[in-house]
1. I'm trying to understand the selection: among the residues of the range 29-53, which are within 27 Å of residue 18 (Cβ to Cβ) and not in a loop (DSSP other than H, G, I, E, B)?
2. If you take the residues of the range 50-66 that are at pLDDT 90 or above and within 17 Å of the chain's Cα centre (by Cα), which of them is surrounded by the fewest Cβ atoms within 10 Å (Cβ to Cβ)?
3. Among the residues of the range 1-28, how many are at pLDDT 70 or above, part of a loop (DSSP other than H, G, I, E, B) and closer than 30 Å to residue 58 by Cα?
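The values are calculated or read from the model by the stated rules, or taken from the named source; none is laboratory data. Worth saying up front: this structure is predicted, and the values here are computed from it rather than measured. Every residue, glycine as well, gets a Cβ built from its backbone with ideal geometry; the counts of neighbours run over all protein chains shown.
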C-alpha cells in the first residue's frame, strides 16, 4: 500500500516561528544564574548552580517591599 503523504527530500519542513517577546528570563536571586525563560505564574525549583531552592512567591514578596 502506497501512502500519499510520503515526505521527500524536496519538501520543505513546516516550521512555525513565533515571536518570544512575551517571555521572561528568570534568574536565581542567590547566584544570579539564569534559571529558565518562559511565562509562568508561580514556580518552585532548585538552582543547578548553587543548589538553593528558588520560589517565585518569595521573590514577589521581596519586590513588593522595595
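1. Once the filter is applied, which keeps residues that are within 27 Å of residue 18 (Cβ to Cβ) and not in a loop (DSSP other than H, G, I, E, B), the range 29-53 yields 34, 35, 36, 37, 38, 45.
2. Among those that are at pLDDT 90 or above and within 17 Å of the chain's Cα centre (by Cα), it is 55.
3. The total comes to 4.
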